[in-house]
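Only one structure is covered here, and it is reproduced in the block below.
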Amino acid sequence: MILKSSNLTEIIKPRIKEVGLSFYLLKKNKLTLAAFYVIIAIIVLAILAPFIVPYPSHISEEANAANKLLPPSQEFIFGTDELGRDIFSRVIYGTRISLTTAVLAVGLALLIGVPMGAIAGTIGGWVDETIMRITDIFLSFPPLLLAIAIVSIVGPSLNNAVIAIALSWWPWYTRLVRGQAVSLKERKFIQAAEAIGTSKWKIIFSHVVPNTISPVIVQASMDMGGVILTIASLSFLGLGAQAPTPEWGLMISTSRNYFLNAWWYSIFPGIAIFITVLAFNLLGDGFREIMDPKTRKN
Amino acid sequence: MSAYFEIRNLKVDYRTYEKQQTVLDIKRIAIERGKTYGIVGESGSGKTVLALTIMGLLQCPPGIIQGGEIIFDGQDLLKKNGKEMAENYRGNRIAMIFQDPMSTLNPVFTVGYQMIQIIKQNQKLHKKDAYKKAVEMMQVVKLPDAEDIMQKYPHQLSGGQRQRIIIAMALACGAEFLIADEPTRNLDVTIQASILKLMKELQHKFGVTVLFIANNLSLVSAFCDEIGILHDGRIVEQGPVENVIRSPQNLYTKMLIDSITKGENARKKKQENDEVLLEVRSLKKYFPVRKKTSEKLFVKAVDDVNLIVNKGEVLGIVGESGCGKSTLVNTILNLHEPTSGQVLFEGKNIFELDRSQLRKTRKDIQIVFQDPYWSLNPRWLVKDIISEPIKVHEKLDGISILKRVEGLLELVGLPKNSAFKYPHEFSGGQRQRIAIARALAVNPKLVVLDEPTSSIDVISQSQILELLEGLREKLGLTNILISHDLSVVNYMADKIIVMYLGKVVEYGDSAEVFKNPLHPYTKALFNSIPSLEVNGIESLTTLEGNVPSAINPPSGCRFHTRCSMASERCSKEVPTMKVHSDNHSTACFLYE
């Protein structure tokens, strides 16, 4: 057998060392480490939400008019909304929605953007021109405005909001990856692959794409915050999640009517958005420092 | 009483995230005023750390200066704080010449502006006087049209000119101690010789003391009075050049000297074989240049080149950067479309092949690139890198591929378990072995070696050459070897071609060409390289002027602008290749 056990440890050891180095760099920057832990906590919360929230039934429209708009108390630590639902339960459950939609939107944008950029950068010529001019058209609208336009065409819903965001976000990745691909093309291993006779598609997807991945990860992790914010904004405008979904933006939108009497209704979903977005932005910055030594502080 | 410059018990550590290790541990280096001390070491031996420590520019952390003294003119530099170093030493008394002049010059200002700024700052002169001084210094470093060059930006100048400007800056500020960290590394050999001559001349004129750092023993020994061999942060041997070269005591020094001298004339007579494998017929490759005007301009990278490679033969292509040797090879590999001409591989023109035939030719012609750091995909395992050509050209299952990869690793002298490592876990020489294994994976008929040893350390270089020579005998390979390092070509090549500005100027059996070079350019090229036998820099030949632009090459013989033997005819007529003696031809009117 080729993989003998002694051989195996020798193979795995350097990999562990690399992970160790990344974690060491992460630990050196306290702010990034804090953001990292916050995000881990948010993910755990999102996964466990149905089991830990005190009033799981309040996620849907089950109303209890008797408890309408109660301020924070022992029973309802974040207070209740206009239908008597526990805001704490809804905010916690909201992490689930925000995270999954953000991951889906960014993932979809990557799925479109990365191959387009790699193709444009590697093949060049008119293919490059065409793809880049298309991205230019997309980039000449503010992403939020473009997303609003798309949703108003296809109809407001959370799924459509995700698709709209992905459609207005992919050109950023295309640009990023194309830039990387153009400089990679000069690298000798691409030329070596060409001289060997490797096909263009193989070169794009097994040589170019893996080597553009670090800046893409950095960009994607920074974008997570922006996308969460955009989804909240769309929902706030009534173009994203629809009632009774416990989406943060939608909750804030509804809370506007009760803003003067029930401060807790809008403040807690707001804080949830703030913490999540901030944590993702800090983590993105941290990733950039880890992956690009040039931006590292001493 | 200490010497003018002296290092005592200097110890520098580096801390990485897992451990702290000593990178520099020097007992004593002493340099008398006006002398030249050379430090020879491979990459990673601590050369640059030493230079930075002296200049007070070492990044701490990760560097930690554990102790010791650096005495300069009676003062301990390590006791000075950052401000004192900047004000009283760095720049005005101690100057440094870096490997890459581009990193020292600011690309957004003209060189004149930068010189004037430095002179103003250091000498407290007015702008007018500073300007005068700058022009004067440009003339001292023999830059023609000094006032014109003052207006230029760094990228508009050649590497040699930039390095001259750096030297001018250092001297303009009255530096008395100069640290030169591989000042000629990125320059062509003929330019290198002229820069070294200039440095030597100015050293005598201004009485400067020089600490010369390089990885090339021949270069350092030709330039310096005393040398120290740096290995793993320690000076393993030092003394006057003669003593160290003639009777080395240390094992490492012996290896270093061996690896240089062995290269010369180790070539055996190979059996004649007249079967032509590759033939290039009047190949031209012009690259269009984008210009604002409508007239069409071309870079004539390869201009009317003919050559023949017989089976089992090694053809060496020699020339300085910009001579078109890489373009020639890329065109042979069909990575570029030629402008005109033919490349016949086994009698078939490779530019007229259909797809399946082209794939087959790709299998038969493989390449090993110069820089093993860039030619291997950093995200792939070694097994994937080596098996890439196998997967493209042969249908094999995973286990057989892995078996083949292990066989190849063994062939190039790497352990089997390298298959599951990434390229960054290997040294330069080992990576080059991986690249060689990849080239050999599908049993090619022709392997192109594009500067196979120029970016790896001296000792690994000679090992790689031995490996290549051994593989050639074992597998009966045909090679095209491109190199600017003549000793490499001398070691391996049966025939050699000398190129200048896209044209072949000389062609012949390599033993004959080395013994009896004909073309003035070939002569200059051969004589500009320092060897261990050369005593002093003065005996090197230098070429005046820069390599002309390939967009608008000189009329007639392209070399006439720099040729000392040029007559009027050379600027009017284009010389053609004429056979001079058996298998030795040149394009020069001197031999008609």
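Have a look at A:A195, A:A181 and point out the one that is assigned to a helix (DSSP H, G or I), within 30 Å of B:E394 (Cα to Cα), within 14 Å of chain B (Cβ to nearest Cβ) and free of Cβ contacts under 8 Å to residues at least 60 places away in the same chain.
Just a single option satisfies the conditions, and that option is A:A195.
What about A:V227, is it modelled with pLDDT of 90 or more, within 14 Å of another protein chain (Cβ to nearest Cβ) and in a helix (DSSP H, G or I)?
Details: modelled with pLDDT of 90 or more: yes; within 14 Å of another protein chain (Cβ to nearest Cβ): no; in a helix (DSSP H, G or I): yes.
So A:V227 fails the test.
Tell me the residue from A:A149, A:A195, A:A164 that is at pLDDT below 90 and among the aliphatic types (A, V, I, L, M), please. Step through it out loud before you land on a result.
On the way: A:A149 fails: at pLDDT below 90; A:A164 fails: at pLDDT below 90.
That would be A:A195, the only listed residue that is at pLDDT below 90 and among the aliphatic types (A, V, I, L, M).
Among the numbered conditions (1) of a type in the set (A, V, I, L, M, F, W, C); (2) surrounded by fewer than 16 Cβ atoms within 10 Å (Cβ to Cβ); (3) closer than 24 Å to A:K17 by Cβ, tell me where B:W374 comes up short.
For B:W374, the failing item is (2).
For A:V216, which of the numbered conditions (1) within 30 Å of B:V392 (Cβ to Cβ); (2) surrounded by fewer than 18 Cβ atoms within 10 Å (Cβ to Cβ) fails to hold?
(2)
If we keep just the residues of the stretch B:23-60 that are in a strand (DSSP E or B) and of a type in the set (G, A, S), which is farthest from the other protein chains (Cβ to nearest Cβ)?
Pass one, the stretch B:23-60, residues in a strand (DSSP E or B): B:23-31, B:36-40.
Filter once more, so that each one left must be of a type in the set (G, A, S): B:30, B:38.
Working: B:A30: 34, B:G38: 32 Å.
Top of the filtered list is B:A30.
Looking at the structure I just gave you, is A:V103 β-branched (V, I, T) and either more than 25 Å from A:A241 (Cα to Cα) or at pLDDT below 85 (or both)?
Judged against the criteria, A:V103 is not a match.
Could you please tell me which pairs satisfy a Cβ distance under 8 Å, a separation of 6+ or placement on different chains, a first residue in the stretch B:326-344 that is within 11 Å of chain A (Cβ to nearest Cβ), and a second residue that is assigned to a loop (DSSP other than H, G, I, E, B) and not hydroxyl-bearing (S, T, Y)?
Correct list of pairs: B:N330/B:H336.
Look at the stretch B:481-508 and say how many of its residues are surrounded by fewer than 22 Cβ atoms within 10 Å (Cβ to Cβ) and closer than 19 Å to B:F589 by Cβ.
Qualifying residue count for the region: 0.
Could you please find all residues in the stretch B:61-75 being of a type in the set (S, T, N, Q) and either within 14 Å of chain A (Cβ to nearest Cβ) or over 12 Å from B:R15 (Cβ atoms) (or both)?
Passing the criteria: only B:Q75.
So B:I367 ticks every box in (1) touching a strand residue (DSSP E or B) at 6+ places or on another chain (Cβ under 9 Å); (2) within 11 Å of chain A (Cβ to nearest Cβ); (3) free of Cβ contacts under 8 Å to residues at least 40 places away in the same chain but one. Which box is left unticked?
Of everything listed in (1) touching a strand residue (DSSP E or B) at 6+ places or on another chain (Cβ under 9 Å); (2) within 11 Å of chain A (Cβ to nearest Cβ); (3) free of Cβ contacts under 8 Å to residues at least 40 places away in the same chain, B:I367 misses just condition (3).
Only one residue in A:S206, A:S157 is among the hydroxyl-bearing types (S, T, Y), out of contact with any strand residue (DSSP E or B) (no Cβ under 7 Å at 6 or more places or on another chain) and facing chain B (nearest Cβ under 10 Å), so which one is that?
Every option except A:S206 fails the conditions.
Would you point out which residue out of A:I59, A:I42 is under 20 Å from A:I267 (Cα atoms), under 31 Å from the mean Cα position of the chain (by Cα), more than 14 Å from chain B (Cβ to nearest Cβ) and at pLDDT below 85? Lay out the reasoning, then the answer.
On the way: A:I42 fails: at pLDDT below 85.
Selected residue: A:I59, the only one of A:I59, A:I42 that is under 20 Å from A:I267 (Cα atoms), under 31 Å from the mean Cα position of the chain (by Cα), more than 14 Å from chain B (Cβ to nearest Cβ) and at pLDDT below 85.
Looking only at residues that are within 26 Å of B:A524 (Cβ to Cβ) and of a type in the set (V, I, T) in the stretch B:309-338, which one is nearest to the chain's Cα centre (by Cα)? Give the derivation first.
Keep residues of the stretch B:309-338 that are within 26 Å of B:A524 (Cβ to Cβ), which gives B:314-329.
Still in the running and of a type in the set (V, I, T): B:314, B:317-318, B:327, B:329.
Details: B:V314: 21, B:I317: 15, B:V318: 13, B:T327: 18, B:V329: 18 Å.
Filtering the stretch B:309-338 for residues that are within 26 Å of B:A524 (Cβ to Cβ) and of a type in the set (V, I, T), the one nearest to the chain's Cα centre (by Cα) comes out as B:V318.
Being at the interface with chain A (Cβ under 10 Å from one of its Cβ atoms) and in contact (Cβ under 8 Å) with a residue 40 or more places away in the chain is the filter; apply it to the stretch B:393-438 and report the residue that is farthest from B:I464 (Cα to Cα).
Applying the filter and picking the extreme gives B:H393.
Among helices (runs of 4 or more DSSP H) lying entirely in the stretch B:96-206, which contain 1 or more residues that are within 30 Å of B:Y4 (Cα to Cα)?
On the way: elements: B:101-104, B:111-123, B:127-140, B:146-150, B:159-172, B:189-206.
Because the criterion is at least 1 residues that are within 30 Å of B:Y4 (Cα to Cα), the helices (runs of 4 or more DSSP H) in the stretch B:96-206 that meet it are B:101-104, B:111-123, B:127-140, B:159-172, B:189-206.
Please work out if A:L45 is surrounded by 13 or more Cβ atoms within 10 Å (Cβ to Cβ) and over 25 Å from A:V277 (Cα atoms).
On the way: surrounded by 13 or more Cβ atoms within 10 Å (Cβ to Cβ): yes; over 25 Å from A:V277 (Cα atoms): no.
Criteria not met by A:L45.
If you take the residues of the stretch A:160-178 that are over 15 Å from the mean Cα position of the chain (by Cα) and closer than 14 Å to A:I119 by Cα, which of them is farthest from the other protein chains (Cβ to nearest Cβ)? So that I can check it myself, show each step before the final result.
Initially, the stretch A:160-178 is screened for residues over 15 Å from the mean Cα position of the chain (by Cα), giving A:160, A:171, A:174-178.
Next, only the ones that are closer than 14 Å to A:I119 by Cα stay: A:171, A:174-178.
Numbers: A:P171: 25, A:T174: 21, A:R175: 22, A:L176: 17, A:V177: 15, A:R178: 19 Å.
Restricting to residues being over 15 Å from the mean Cα position of the chain (by Cα) and closer than 14 Å to A:I119 by Cα, the top hit is A:P171.
Name the residue, out of B:T453, B:T478, that is at pLDDT below 85, buried (at least 21 other Cβ atoms within 10 Å of the Cβ), more than 14 Å from chain A (Cβ to nearest Cβ) and touching a Leu at 6+ places or on another chain (Cβ under 7 Å).
Among B:T453, B:T478, only B:T453 is at pLDDT below 85, buried (at least 21 other Cβ atoms within 10 Å of the Cβ), more than 14 Å from chain A (Cβ to nearest Cβ) and touching a Leu at 6+ places or on another chain (Cβ under 7 Å).
Could you list all residues from the stretch A:255-298 that are modelled with pLDDT of 90 or more, buried (at least 17 other Cβ atoms within 10 Å of the Cβ) and among the β-branched types (V, I, T)?
Within the stretch A:255-298, A:I267, A:I273, A:T276, A:V277 qualify.
If B:S549 passes every condition in (1) crowded, with 16+ Cβ neighbours inside 10 Å; (2) touching a strand residue (DSSP E or B) at 6+ places or on another chain (Cβ under 9 Å); (3) polar (S, T, N, Q) but one, which one does it miss?
The single condition B:S549 does not satisfy is (1).
When you scan the stretch B:442-449, do you find a residue that is under 20 Å from the mean Cα position of the chain (by Cα) and either under 13 Å from B:L315 (Cβ atoms) or among the basic types (K, R) (or both), even just one?
First, pick out the residues of the stretch B:442-449 that are under 20 Å from the mean Cα position of the chain (by Cα): B:448-449.
Among the residues that remain, those that are also either under 13 Å from B:L315 (Cβ atoms) or among the basic types (K, R) (or both) are: B:448-449.
Looking for residues that are under 20 Å from the mean Cα position of the chain (by Cα) and either under 13 Å from B:L315 (Cβ atoms) or among the basic types (K, R) (or both), one finds at least one in the stretch B:442-449, hence yes.
Pick from B:N250, B:N243, B:N215: which is within 27 Å of B:R93 (Cα to Cα), assigned by the TED database to the domain that holds B:L171 and surrounded by fewer than 21 Cβ atoms within 10 Å (Cβ to Cβ)? Step through it out loud before you land on a result.
On the way: B:N250 fails: within 27 Å of B:R93 (Cα to Cα); B:N243 fails: within 27 Å of B:R93 (Cα to Cα).
Just one listed residue meets the conditions, B:N215.
The values are calculated or read from the model by the stated rules, or taken from the named source; none is laboratory data. Because the structure is predicted, anything quoted here is derived from the model rather than measured. When we count neighbours, we look across all protein chains shown, and the Cβ atoms used for this are built from the backbone with ideal geometry, even at glycine.
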